[in-house]
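The values are calculated or read from the model by the stated rules, or taken from the named source; none is laboratory data. Keep in mind the model is a prediction, meaning the values are calculated, not measured. Here the Cβ positions follow ideal geometry from the backbone for every residue, glycine too, while neighbour counts run over all protein chains shown. When the accessible area is computed, the model is the full protein with side chains, heavy atoms only, and any ligands, DNA or RNA have been set aside. Shrake-Rupley method; radii C 1.70, N 1.55, O 1.52, S 1.80 Å.
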Amino acid sequence: MVGDILFFFLFILQIILILFLSSLVLPTPIGDTGGVRYRTIPWMTFLLILVNAIVFLAWQAPNLYQGAQAIEDGDQRGFMMIYQYVVQLWTYGYRTVFLRDGVGIGAFSTFTSMFMHGDVWHLLGNMIYLWTFGRRVEDACGSWRYLAFYLLAGMVANLGWSVLNRAQPDLPAVGASGAISGVMGAYLILFPGALVTCFWGIGMVLRLPAVLVLMVVRGSAMRGVPVWRWTVRLPAFMLLLFFLVVNALPSFDVIQRGQDYGGVNTVAHLIGFLAALVIFLYVRKDLLVRYFSGRFV
Amino acid sequence: MDAHELYRAGVAAIRDRNDLAEGRRLLTEALRQDPTNDAGWLWLARTLRDPAKQMRCVQQALKANPNNAQAQAFKARLEARLGGDRLLDPAAPSVVPQDAAERVQAYLEQAQARLRAGDPEGALAAWLDALSLQPDHPMALPQAVRYLSRQLRWDDVKALLQRALEAGTTRPSVYLTAIDLHQRLGEFGEADDVRRRLARLPTADEAIVADIVDHFLDEDQVHEAYDALKAAVEIHPKSQKLLLRLGNLCHEMEARQEAAMYYERAARLGVRTREGREADARLEQYAPPLTDRERGSLLLAWREALGVGLLFLLMAWQDAGLNFYRLGPMRWLGVAAGLVGGYLLVTATSSPQQRPLARLLGGRPPAPADDGGVSQLPVMPPAARLIFGLVGVTLIAIAFYLVFPTAITLVTQPNPPGFYIPSFAEVFG
């Protein structure tokens, strides 16, 4: 029992440490500066995070992590548990063969795959992005329209992967990243000027001389601005366009030459992002009118 | 009246009624009859603002009685002031050169010494010397004003404050004192001028601006209050309190669009504060900020339905093996059911004022309390909305069934066709 608790504690510590180290190089968004305007609780975003977490932690993770631990302890049953995890991926992941040949769970896989993840990093990364960008998009749409948009973006991402992927056509795709890319694209369209709070080591270091110079140049106008901050605020358009470029470049390779990029589904990210163009079908009527009259919050 | 009666009446007007103009008139008449009244010349000097004129009065007093100690002290002060004025730099009241700062400090110490020696007039002279170098000095000005006020020498107080204001002081306390003085002297127009200037002052905090606005509103000067708030908001664009106040004022002035704009700006700054929450709640009265044309628009309602229809079309396409030609009539019917179901649901929940549907169903315009009284369009009756909602949900459920026939068959049949899954050996080599 004590050993289990210690294992869990070390596991969480490892996650925090790796997240911290990775955020030194690449910005990790943790929140945006705009408060949720019309709702105090973005419950659909919470619900989506909860469902994703439950599906992975309660259904997939036991096979994956207990199996790995069992193998490490020399227990041969661990292989069978890992195999069960693989079967889950191949049965409920998104595969073109399900659609074209009418086998497995057919088109239902478009929904099941959206709530499955490869490992805990995959889940954590996706949920951080969903938390950061989802709340305000939900606020702009209303919870149910937001859910419809989320599902549509995920579906479009899956379709993009299915139709354009030439690398490994029958490999199962899992993860919420396609849908979340759609949410990020919608955020870019709706709130391009918003400031996103990020952990970013390089940014924090670069900010320091910039603030010092501004303090000298602008004097009292910079009064109250802290010299050092543990987070940096980046314009949403900068962060999201960076995400778009990072996913677009390898996607062209996947589409044209069939290159594989280490299991990262960049095509789904790119297509999901582009699915955000239909966000105007889902934004609340009053906010749509405000958006086009230039008074969008 | 003879000269003595005129003198007594003039002093009474100044001391008891604070009527400087009447006192000046009576004393001038008294001194015309009896120019040897040295005390009369000194009282007359106190009713004047111009130090040069005051000096002429004091010289007359000393001419009548060269031993008048009060006149001698008064003369010394005036000489210091007239000399000090030449040192005054109105452009930079608070930025004093180093040597001047040292001199100001020396004057202040001198004033303290005079006070300890029981010579308040001497202290006043020292304060005035300090103020001649820095007209809004935070210690010298209040002490001089306090002393002169106790002596009811209002013109002197006014002159000191005026000089600080003209020098462009940024200390709100100087403005507030000037406002008090003008109010006390019945100069309400001048007091309002100072209020307007104070509202535009970057150093004036929210509470001061609120007081100014309250005053203008108490006086039914709504537009003055609006101007003061608007100026303050330009200087403090991130003050939720001021933005909310301005929004409320615009609301009272029935400038709804402008009110909504200020509420929105306040709410944008965050809804964690009391003002932010209130602005957000007020904004709800204006939201949706739609015209009746937009409320009644069929197009805007069908837009949302199109979103639902698109979702079902993608589902149908996948179920048909990514081939549109294989969609078949049932899946198309499912897409259409999704579209219509979506429209009914949208109509029931967020677009109940569509023209001419709401009127056909016997709807009535909303009560003013419900939406701020801005809409004249009828709203669908609740029963009709309930029916629309139920039918909409049912159609969406049917649409789901119709667009997914293959997938539903696959998951419900006992022996689904097999598909490739890597074997245990393939996974572990």
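Whole number please: convex hull volume per residue, Cα atoms of chain B, in Å³.
It is 285 Å³ per residue.
Please name whichever of A:54, A:115, A:133 sits farthest to the positive end of the charge dipole of region A:30-282, dipole taken about the Cα centre and charges placed at Cβ: Lys and Arg +1, Asp and Glu -1.
Ranked along the dipole, the leading option is A:133.
For residue B:75, give me every one of the lysines with a C-alpha distance below 19 angstrom, ignoring sequence neighbours fewer than eight places off in its own chain.
By straight Cα distance, residue B:75 reaches B:53, B:63.
Angle, helix B:140-150 long axis vs. longest principal axis of chain B, Cα atoms, 0 to 90°, nearest 10?
The angle comes out at about 60 degrees.
Give me the angle, in degrees from 0 to 90, between the Cα long axis of helix B:98-116 and the longest principal axis of the Cα atoms of chain B, rounded to the nearest 10.
Relative to chain B, helix B:98-116 is tipped by roughly 60 degrees.
Toward the positive end of the charge dipole of region A:30-282, about the Cα centre and with charges on Cβ (Lys, Arg +1; Asp, Glu -1), which of A:176, A:222, A:91 goes farthest?
Final value for the positive-end residue is A:222.
Given the protein chains as shown and a 1.4 Å probe, how many square angstrom of residue B:261 are accessible, to the nearest 10?
It works out to around 80 Å².
Using Cα pairs under 8 angstrom and six or more residues apart, how large is the relative contact order of chain B, in percent?
Numbers: 536 pairs, mean separation 31.5, N = 429.
Once normalised by length, the contact order is 7 percent.
Where a Cα-Cα gap under 28 Å defines reach, which lysines qualify for residue B:230, not counting those fewer than 8 residues away within the same chain?
Leaving aside lysines fewer than 8 places away in the same chain, those within reach of residue B:230 are B:238, B:241.
So how strong a dipole does the protein assembly as shown carry about its Cα centre when Lys and Arg Cβ are +1 and Asp and Glu Cβ are -1, to the nearest 20 debye?
On the way: 68 positive and 65 negative charges, 160 e Å.
Result for the protein assembly as shown is approximately 780 debye, rounded to the nearest 20.
Using a 1.4 angstrom probe with every protein chain in place, what is the largest-first accessible-area order of B:169, A:91?
A:91, B:169
When the gyration tensor of the protein assembly as shown is built from Cα positions, what are the square roots of 5 times its three eigenvalues, in whole Å, from largest to smallest?
Value: 80, 33, 17 Å, ordered largest first.
Normalised by the number of residues in region A:144-246, what is the relative contact order in percent for Cα pairs under 8 Å and 6+ residues apart? Please report the intermediate quantities before stating the final value.
Working: 79 pairs, mean separation 30.9, N = 103.
Once divided by the residue count of region A:144-246, the mean separation gives 30 percent.
Just name one of B:59, B:45, B:126: the one whose Cα is farthest towards the positive end of the charge dipole of chain B (beta-carbon charges, Lys/Arg +1, Asp/Glu -1).
B:126
In whole Å, what are the Cα extents of region B:292-412 along the three principal axes, biggest one first?
That gives 54, 24, 21 Å along the principal axes, largest extent first.
Just tell me how shielded B:258-271 is by partners: mean number of partner chain Cβ atoms within 10 Å of each residue's Cβ, no decimals.
What the average comes to for B:258-271 is 2.
How large is the direction-averaged shadow of the alpha-carbon convex hull of chain A, in nm²? Can you show the working numbers first?
On the way: hull surface 76.9 nm².
Projected area, direction-averaged: 19.2 nm².
Could you rank B:312, A:252, B:419 by how accessible they are, 1.4 Å probe, largest area first?
Details: B:312 10, A:252 105, B:419 60 Å².
Largest accessible area first, the residues go A:252, B:419, B:312.
Probe 1.4 Å, all protein chains in place: accessible area of residue A:65 in Å², nearest 10?
Result for residue A:65: roughly 80 Å² accessible.
Relative contact order for chain A: what is it in percent, counting Cα pairs under 8 Å that are at least 6 residues apart?
Worked out over chain A, it gives 24 percent.
Would you tell me the mean number of C-beta atoms belonging to other protein chains that fall within 10 Å of each C-beta in A:88-100, as a whole number?
Neighbouring Cβ atoms belonging to other protein chains average 3 per residue here.
Within 10 Å of each Cβ in B:319-330, how many Cβ atoms from other chains are there, averaged over the peptide? Each step should come with its number before you reach the end.
Working: counts 6, 3, 8, 7, 2, 0, 0, 0, 0, 0, 0, 0.
The mean count of partner-chain Cβ atoms within 10 Å per residue comes to 2.
For the Cα atoms of chain B, what angle does the longest principal axis make with the long axis of helix B:20-33, in degrees from 0 to 90, nearest 10?
Approximately 10 degrees, to the nearest 10.
Region B:229-275 to region B:1-56: how many Å between their Cα centroids?
Comparing the Cα centres of region B:229-275 and region B:1-56, I get a distance of 53 Å.
Just to verify a number: what accessible area does residue A:231 come out at with the full protein assembly present, 1.4 Å probe, Å² rounded to tens?
Here the accessible area works out near 30 Å².
Using alpha-carbon positions, what is the distance between the centroids of region A:111-129 and region A:223-275, in Å?
Measuring centre to centre over Cα atoms gives 17 Å.
Using the Cα centre as the reference, give the magnitude of the dipole from point charges on the C-beta atoms of region A:30-282 (Lys, Arg: +1; Asp, Glu: -1; all else neutral), rounded to the nearest 20 debye.
In debye, rounded to 20, region A:30-282 gives about 1040.
What ranking of B:53, B:230, B:158 comes out by heavy-atom accessible area, probe 1.4 Å, highest first?
Ranked list, largest accessible area first: B:53, B:230, B:158.
Relative to the Cα centre, what is the charge dipole magnitude of chain B, using +1 at the beta carbon of each Lys and Arg, -1 at the beta carbon of each Asp and Glu, and rounding to the nearest 20 debye?
560 debye
Give the accessible surface of region B:292-412 per residue, rounded to a whole number of Å², with probe radius 1.4 Å and ligands, DNA and RNA excluded.
With all protein chains present, region B:292-412 gives 50 Å² per residue.
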